[in-house]
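Student: Quick one: the structure is below, and I'll ask about it shortly.
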Amino acid sequence: MADESALPRIAHRETVYDGWGRMLKLQIRLRDGSTLTREVEDHGQATGVLAYDPERRVALLVRQLRAAVLMTTGEPEVLEAIAGLLDEDDPEAGARREADEEAGLRLGPLERVVCAHSMPGISSERIHLFLASYTAADRTGQGGGVETEGENITVSEIPLAELARMADEGRVPDMKTMLLVQTLRLRRPDLFAPRA
């Protein structure tokens, strides 16, 4: 059994910024007794869902401003799966809330994909990812996001075959969306095949 006192541990934690996000400065004691300093962006857990209509063979995606993407690429919007920070403890409830807020969509059963660290080198965020089917009748509103949060979300339905081509051509720049599209392709290849 490993000596737990020899395992790396956080020796000191300091909050250096607390606003929309939070930045922490950590002192980590290593196995050999030395320490190193790391900054960690800390804002909690998130959820994301790729909603798809198996009858019409489309996926429902959203476009919205992402400040970091605007800064790095100049692109004013990102096409991505429905996602957001968790306000509740249950990731499935969070996915359903986000689908309603962002896309005016009532989701069918959720199929768990993974809970993964989105950027383990810098962020504490873990994102719970799901696939969920819907029908045209499940569109209960316009979506658009929460007005007071300045989301200004545009909802788009994209044929699954086109989404697969975009993925194959490297035109799905959002990692969670790419992972969800490829997972759906593996689990439900019939949805991407030409109709007989």
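Student: Which of the residues belonging to segment 107-117 are crowded, with 17+ Cβ neighbours inside 10 Å and assigned to a loop (DSSP other than H, G, I, E, B)?
Tutor: Residues of segment 107-117 crowded, with 17+ Cβ neighbours inside 10 Å: 107, 110, 113.
Answer for segment 107-117, where residues must be crowded, with 17+ Cβ neighbours inside 10 Å and assigned to a loop (DSSP other than H, G, I, E, B): just L107.
Student: Out of (1) assigned by TED's automatic domain parsing to the domain that holds V181; (2) out of contact with any Gly (no Cβ under 9 Å at 6 or more places or on another chain); (3) of a type in the set (D, E, K, R); (4) farther than 20 Å from R171 by Cβ, the odd one out for E77 is which?
Tutor: Going through (1) assigned by TED's automatic domain parsing to the domain that holds V181; (2) out of contact with any Gly (no Cβ under 9 Å at 6 or more places or on another chain); (3) of a type in the set (D, E, K, R); (4) farther than 20 Å from R171 by Cβ one by one, E77 breaks only (4).
Student: For segment 159-191: of the residues being in contact (Cβ under 8 Å) with a residue 60 or more places away in the chain and either among the β-branched types (V, I, T) or assigned to a loop (DSSP other than H, G, I, E, B) (or both), which is farthest from M119 (Cα to Cα)?
Tutor: Result: R188.
Student: Something else now. Do we have E102 as under 12 Å from the mean Cα position of the chain (by Cα), of a type in the set (D, E, K, R), assigned to a helix (DSSP H, G or I) and closer than 14 Å to A46 by Cβ here? Outline the logic, then answer.
Tutor: On the way: under 12 Å from the mean Cα position of the chain (by Cα): no; of a type in the set (D, E, K, R): yes; assigned to a helix (DSSP H, G or I): yes; closer than 14 Å to A46 by Cβ: yes.
No.
Student: Within segment 14-35, track down each residue that is within 30 Å of the chain's Cα centre (by Cα) and assigned to a strand (DSSP E or B).
Tutor: Scanning segment 14-35 gives E14, T15, V16, Y17, D18, R22, M23, L24, K25, L26, Q27, I28.
Student: Restricting to segment 74-89, name every residue that is modelled with pLDDT of 95 or more and assigned to a loop (DSSP other than H, G, I, E, B).
Tutor: A81
The values are calculated or read from the model by the stated rules, or taken from the named source; none is laboratory data. Note that the structure is predicted; figures quoted are calculated from it, not measured. Positions of Cβ are backbone-derived with ideal geometry, glycine not excepted, and every protein chain shown enters the neighbour counts.
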